[in-house]
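Working notes, beginning with the structure itself.
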Amino acid sequence: AAVKACQDPKWHRYTPAGGLPELKQAIADKTLRDSGYRVDASQVLVTNGGKQALYNAFATIVDPGDEVLLPAPYWTTYPEAIRLAGGIPVDVMTDESTGFRTSVAQLEQSITAKTKVLVFVSPSNPTGAVYSPAEVEAIGQWAVEKGIWVITDEIYEHLVYGDTEFASMPTLVPEIADRCIVANGVAKTYAMTGWRVGWMIGPNDVVKAATNLQSHATSNVANVSQIAALAAVTGDLSAVDEMKIAFDRRRRTITKLLNEIDGIVCPEPEGAFYVYPSVKGVLGRSIRGKVPTTSAELAALILDEVEVAVVPGEAFGTQGYIRLSYALGDDDLAEGIGRIQDLLR
């Protein structure tokens, strides 16, 4: 589809800033098919990847000084997008004792008169945590009662394993739809990270305002990328199912291998393609003549000594953890974890 679009002169021109009409309709259809959430094409804004969808969302609804509840660990872009919009990120700390999931009780302790938005992510980057339908519904009902917005990032919606079930908040709590923005894209489900196609779904007035913002910032997403995304979201999910089988195998492998290392405790993730092990038992230990005291120092040591890249927990708002991705080949995965095992044993 992309090759044909490159060869067709009509796709060499400007197109609507909010996205190709046929892609917006396909996204609306895909959303109903995959999550049961019925929306109109006019509620869809096609963006340059999920990052722009999130930035547009925060920039549209957050006023300077507004507080945004942000469960941690969180993806590194969220707090920066909030700050760019003039908002104040308020970390809501979670850990492995709760499966890296927040709760209504914890959110209740964090809300103030200045709270405007809750960021909700399931499955999670970096932890792979997935909220149950009951948890999603409870948090959604709480947000409705409090009158706050929810920005829910559903980019990993198809990457859940075993009996784990993905649940979309506006589907379970329809009354939140007027104060809810859904961010999504083709990057993860369809392995199209470099094509830079994402989208946001929300109330018509918010999407109209965000479209106006985007028209002045970037205009339309590249047409060839939009045509490729159209082919992806209207196609079947057989390739996604095959990818999930491989991810599930690697998920179990990496968890097992990491838990064999003294001082590392690695919960088995339920979604996405990351593990987020605690390395607190390794910190303070002498490793090849060096003594890392933070996860950032440990990540740097692993990179320097065995040339394996991991991301320290500090990047996600929590210290004492590292994030590793298992979105790579089985041989590379075994090699990388083997090097870490040799270093830390």
Limited to region 297-327, what total is found for residues that are over 25 Å from L69 (Cα atoms), without any contact (Cβ under 8 Å) to a residue 60 or more places away in the chain and of a type outside the set (D, E)? 11
Lone qualifier among I322, I302 - being in a helix (DSSP H, G or I), aliphatic (A, V, I, L, M), surrounded by 21 or more Cβ atoms within 10 Å (Cβ to Cβ) and touching a Leu at 6+ places or on another chain (Cβ under 8 Å): I302
Screening P170, P123 for residues that are crowded, with 20+ Cβ neighbours inside 10 Å, touching a Phe, Trp or Tyr at 6+ places or on another chain (Cβ under 6 Å), in contact (Cβ under 8 Å) with a residue 40 or more places away in the chain and over 21 Å from P269 (Cα atoms) leaves only P170
Can you give me the number of residues within region 163-201 that are of a type outside the set (F, W, Y) and assigned to a strand (DSSP E or B)? 9
Residue check, L213 against (1) under 22 Å from the mean Cα position of the chain (by Cα); (2) within 29 Å of A5 (Cβ to Cβ); (3) assigned to a helix (DSSP H, G or I); (4) in contact (Cβ under 8 Å) with a residue 24 or more places away in the chain, all met but one. Which one? (1)
List the number of the failed condition for G263; all other conditions in (1) touching a residue at least 12 places away in the same chain (Cβ under 8 Å); (2) on the phi < 0 side of the Ramachandran plot hold. (2)
Enumeration of residues in region 139-166 that are among the acidic types (D, E) and either touching a Leu at 6+ places or on another chain (Cβ under 8 Å) or closer than 17 Å to L118 by Cα (or both): E145, D153, E154
Exactly one of (1) in contact with a Phe, Trp or Tyr (Cβ under 9 Å, 6 or more places away or on another chain); (2) farther than 19 Å from R179 by Cα; (3) surrounded by 15 or more Cβ atoms within 10 Å (Cβ to Cβ) is unmet by L84. Its number? (3)
The correct count of residues that are within 17 Å of Q341 (Cβ to Cβ) and of a type in the set (V, I, T) in region 277-296 is 3
Any residue at all in region 269-277 that is within 19 Å of the chain's Cα centre (by Cα), modelled with pLDDT of 95 or more and of a type in the set (G, A, S)? yes
Only residues in region 139-163 that are farther than 21 Å from P79 by Cβ count as the first member; pair them with residues that are hydroxyl-bearing (S, T, Y) and part of a strand (DSSP E or B), Cβ under 7 angstrom, at least 6 apart or cross-chain, and list the lot. none
Matching residues in region 329-345 (more than 15 Å from R285 (Cα to Cα) and not small (G, A, S)) number 7
Could you please find all residues in region 9-22 being surrounded by 12 or more Cβ atoms within 10 Å (Cβ to Cβ) and not aromatic (F, W, Y)? T15, P16, A17, G18, G19, L20, P21, E22
Just the residues that are part of a helix (DSSP H, G or I), over 20 Å from T31 (Cα atoms) and touching a residue at least 60 places away in the same chain (Cβ under 8 Å), please, taken from region 218-242. N223, V224
Restricting attention to region 38-84, report how many residues are in contact with a Pro (Cβ under 8 Å, 6 or more places away or on another chain) and either free of Cβ contacts under 8 Å to residues at least 40 places away in the same chain or among the basic types (K, R) (or both). 3
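The values are calculated or read from the model by the stated rules, or taken from the named source; none is laboratory data. Keep in mind that what you see is a predicted model, and the values were worked out from it rather than measured. Reconstructed Cβ throughout: ideal geometry from the backbone, glycine too, with neighbour counts over all protein chains shown.
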